[in-house]
Amino acid sequence: MDAKQDIECKNLTLSMKLMGEHIINMSHELDITGPKKMIEDIMGADNIFLMGAGRSGLVGKAFAMRLMHLGYSVYVVGESTTPAVKENDVVIAISGSGETRSVADLGKIAKDIGSTLVTVTSNEDSTLGNLSDTVVEVPGRTKTQSGEYLERHMRGEYDHLTPLGTSFEISTMVFMDAVIAELIHITGTSEAELKSRHTTLE
């Protein structure tokens with residue numbers, strides 16, 4: 001690409017608009033049953049474990065950090081200091097397809113141990129979805145968007161704006177932060193308490 005080429009950033013702003021509209025539509029269409037159960041699972045757990053592959057795993061790490069700020073005992077699966085999962089623990093899996101093999105295999109292990117498995121996915125009827133005690137369905141595309149979006153996507157108009165699992169990952173990140181907001185409200189945790197647990201070694 002010519003370094004001097006004019007960059008208008010039309011795709012940049014359109015992509016942001018599409019993702020913003022998706023989040024708003026999702027908030028209207030979200031089945032609140034799964035999130036309520038997920039929050040109950042978190043609040044009743046001895047320890048909480050987050051797992052996911054790729055960018056979904058990064059979303060899980062961000063959520064784990066916020067749970068730590070709230071005072072929960074939380075770990076990320078795969079880190080060298082993560083302890084063994086036990087029966088009274090909650091394992092939260094993040095997978096758009098619900099079929100990510102490495103995560104699904106770990107989900108089976110979590111269930112064999114007797115811990116509670118929570119899955120955040122776009123595909124409730126999946127390996128992870130069917131294994132789980134609690135499922136939160138976060139759509140990669142909401143019902144409101146599906147018609148026009150898919151039509152234009154198939155024509156190649158939008159295929160570069162939200163590549164691969166971007167819609168699911170961004171939506172899940174926003175959803176997880178919203179769960180934190182709900183937990184802050186329920187527990188009455190102050191901003192000062194959150195800051196007191198923030199790392200000092202940066």
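The values are calculated or read from the model by the stated rules, or taken from the named source; none is laboratory data. It should be emphasised that the depicted structure is a prediction, and the values quoted were computed from it without experimental measurement. Positions of Cβ are generated from backbone atoms using ideal geometry, with glycine treated the same way; all protein chains shown enter the neighbour counts. Note: areas computed on protein heavy atoms with side chains; ligands, DNA, RNA excluded. Shrake-Rupley method; radii C 1.70, N 1.55, O 1.52, S 1.80 Å.
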Near pairs, Cβ below 9 angstrom, 6+ apart or cross-chain, from the stretch 8-20 (at pLDDT below 80 and of a type outside the set (A, V, I, L, M, F, W, C)) to any residue that is assigned to a loop (DSSP other than H, G, I, E, B) and loosely packed, with under 12 Cβ neighbours inside 10 Å: 11/160
Any hit, the stretch 60-83, residues being closer than 14 Å to residue 132 by Cβ, touching a residue at least 24 places away in the same chain (Cβ under 8 Å) and among the aromatic types (Phe, Trp, Tyr): no
Here are 105, 159: which of them is modelled with pLDDT under 95 and under 22 Å from residue 54 (Cβ atoms)? 159
Can you name the residue in the stretch 132-152 that is of a type outside the set (Ser, Thr, Tyr), open to solvent by less than 50 Å² (accessible area, probe 1.4 Å) and at pLDDT 95 or above and, of all such residues, is farthest from residue 114 (Cα to Cα)? 136
Just one of the numbered conditions (1) of a type in the set (Lys, Arg); (2) out of contact with any Ser or Thr (no Cβ under 9 Å at 6 or more places or on another chain); (3) surrounded by 12 or more Cβ atoms within 10 Å (Cβ to Cβ) is not true of residue 17; which one? (3)
In the stretch 74-103, how many residues are outside any loop (DSSP other than H, G, I, E, B) and either crowded, with 20+ Cβ neighbours inside 10 Å or in contact with a strand residue (DSSP E or B) (Cβ under 7 Å, 6 or more places away or on another chain) (or both)? 9
Within the bounds of the stretch 56-66, is there any residue that is in contact with a Ser or Thr (Cβ under 8 Å, 6 or more places away or on another chain), among the aliphatic types (A, V, I, L, M) and surrounded by 18 or more Cβ atoms within 10 Å (Cβ to Cβ)? yes
What is the residue count in the stretch 1-53 for residues that are assigned to a helix (DSSP H, G or I) and out of contact with any strand residue (DSSP E or B) (no Cβ under 7 Å at 6 or more places or on another chain)? 25
